[in-house]
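A short worksheet on the structure shown next.
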Amino acid sequence: MEGQVNFEDVIAEPAGLHSPNRVWKASYSTFTVSMYLCYCCMTSILSVPLSLIWGLLFACMSFCHIWTFVPCIKCLSRCHMLVIRKFTSPVFEALGKIYSGMRLIFRKEA
């Protein structure tokens, strides 16, 4: 299974050397029980405080997104459009009027 820690992955003996069978079984049992107990203890102690912390962080990020980033982006968008309408558009309209009377004639010289 993906994500699981197996005893053989952590404690790997070289191919030429092997512990006696009883020692290997005792090591395996000790590893498995200690890992399970440690996980259960850490989960029991830390799951509620960490859930609270992650919930608060998510709430803060949501608050900042809703009340800060979105209004700021909308304001900047409006300011950008205002600048384009008031400054850039008249320049291009003037250039359009200047060059609207221009006629291009293509002659093919032989």
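Read-outs throughout are calculated quantities, based only on the coordinates presented, and are distinct from any laboratory measurement. Please read all numbers here as calculations on a predicted model, not as lab measurements. Using ideal geometry, Cβ is built from the backbone for each residue, glycine included, and neighbour counts are taken over all protein chains shown.
The table that follows gives values for the structure above.
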item	result
Mean ellipticity per residue at 222 nm, deg cm²/dmol - from DSSP H runs of n ≥ 4 across the chain, formula -39500 (n - 2.57)	-23000 deg cm²/dmol
J(HN,Hα) series, the stretch 34-43, from Karplus relation 6.51 cos²θ - 1.76 cosθ + 1.60, nearest Hz, glycine and proline x	5, 5, 5, 5, 5, 4, 5, 5, 5, 5
Chain lengthening between Ile45 and Val83 when straightened (0.36 nm per residue, less Cα-Cα)	8.0 nm
Ranked packing of 52-65, 92-105, most packed first, by mean Cβ within 10 Å	52-65, 92-105
Degrees separating the helix 70-83 axis from the principal Cα axis of the chain, which is the longest one	20
Derived scalar couplings ³J(HN,Hα) [the stretch 85-101; Karplus, 6.51 cos²θ - 1.76 cosθ + 1.60; whole Hz; x for Gly, Pro]	5, 8, 10, 6, 4, x, 5, 5, 5, 5, 5, x, 5, 5, 8, 6, x
Potential extension, Leu17-Thr30 segment - 0.36 nm per residue separation minus Cα distance	2.6 nm
Hull volume in cubic angstrom per residue (convex hull over the Cα atoms of the chain)	287
